[in-house]
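Only the coordinates and a few stated rules stand behind these numbers; no lab work does. Keep in mind that what you see is a predicted model, and the values were worked out from it rather than measured. Using ideal geometry, Cβ is built from the backbone for each residue, glycine included, and neighbour counts are taken over all protein chains shown.
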């Protein structure tokens, strides 16, 4: 929780088409100048958003697990609470005080720390703040920080780093972490054309770049792409039976996975966990690199 958060607001669940329309409007020339749409801030707002008493249900966890490749268990997969926090991400980035449009902001990295597994039936409260706005070589980056609690106990935390491409500073460093490159020697996954729609249906993230070729082309992509958080989840699922209950999983998102597509997974053990990667099986270009660390 950020010390400078002066305003605390409650957010209901949801998202969907209405939220994505609201997210897209500030990116549309002309429309982005209208009152209520125009971005008025230049710094990250001193704002904390919360969702309280959200129940982790069997039906929703099973839907998520099926899409991302997790086995059916009595606890939520490590990245599952990111979905419960997604309405907070969208509510903050669509607030008029937030300086950047949500559509067009690039998800660079994501770090999740699970302090203990969250069981089916538990009730979770989540809070989100944004901080660490900085200039990089490619534009401006910032962090979105989420804390999840059960009865006051911190059980899960995440940091999502975003980039708004624009005027950068050659003297500034890149905002990201460094990861160990490992060779992808594992299975090649066939990723279906509809994975963006199926993951969007369970996560609420229906960004047009993930849905159809036509909607992705409208935003400058040759065709639609897989969600970065789906690709992270799929990698965690591949390592799931080798991860401890207390773990941090960090990733950097690299080249997008165009749909339909194929990706090769690879992982190597290190002294504290696993280094892993997801690459284009033909070119070897990385889609994602990451690591796990036992706590």
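Once the chain is represented by equal point scatterers at the alpha-carbon sites, with solvent omitted, what log10 I(q)/I(0) does the Debye formula produce at q = 0.06, 0.09, 0.10, 0.11 Å⁻¹? Each listed q maps to, in turn, -0.18, -0.42, -0.53, -0.65.
To check you understand DSSP bridge types, tell me what percent of the beta bridges within the chain (both residues inside) are antiparallel, rounded to 5. Beta bridges within the chain, antiparallel portion: roughly 95 percent. Computed on region 154-295, with alpha-carbon pairs under 8 angstrom and 6+ residues apart, the relative contact order is 28 percent.
Spin-label point model (7 Å from Cα, Cβ direction): what's the residue 132 to residue 159 distance in nm? In this crude spin-label approximation the distance works out to 0.3 nm.
One Cα centroid belongs to region 222-295, the other to region 74-141; the line between them spans 18 Å. Could you work out the relative contact order of region 211-295? I mean the mean sequence separation of Cα pairs under 8 Å and 6+ apart, divided by the number of residues, in percent. After rounding, I find 28 percent.
Residues considered: 272, 198, 248. Largest GNM mean-square fluctuation over the chain, using C-alpha springs under 10 Å, is found at 272.
With a simple spin-label model that places each label point 7 Å from the Cα along the Cα-to-Cβ direction, the separation between residue 125 and residue 96 comes to 3.0 nm.
Of the residues 238, 218, 201, which exhibits the maximal mean-square fluctuation in a Gaussian network model of the chain defined by a 10 Å Cα contact cut-off? Looking only at 238, 218, 201, the largest GNM fluctuation is found for 218.
If R0 is 41 Å, what FRET efficiency do you get for residue 42 and residue 180 from their C-beta distance, rounded to 0.05? Don't skip to the end; give the middle numbers.
Numbers: r = 37 Å, r/R0 = 0.91.
Efficiency at R0 = 41 Å is approximately 0.65.
What percent does the relative contact order of the chain come to when contacts are Cα pairs within less than 8 Å and at least six residues apart?
Working: 662 pairs, mean separation 53.3, N = 295.
Relative contact order of the chain: 18 percent.
Over the chain, dividing the summed -39,500 (n - 2.57) contributions of all DSSP H runs of at least 4 residues by the number of residues returns a 222 nm mean residue ellipticity of -6000 deg cm²/dmol. For region 58-124, the average shadow cast by the Cα convex hull is 5.9 nm², which is a quarter of the hull's surface. D by Stokes-Einstein for region 128-262, Kirkwood Rh over Cα pairs, 10 °C, 1.306 mPa s: 92 µm²/s.
From the largest down, region 173-229 spans 35, 34, 24 angstrom on the principal axes of its Cα atoms. Net length available on complete extension from residue 214 to residue 7 is 70.6 nm, with 0.36 nm assigned per residue and the Cα-Cα distance removed.
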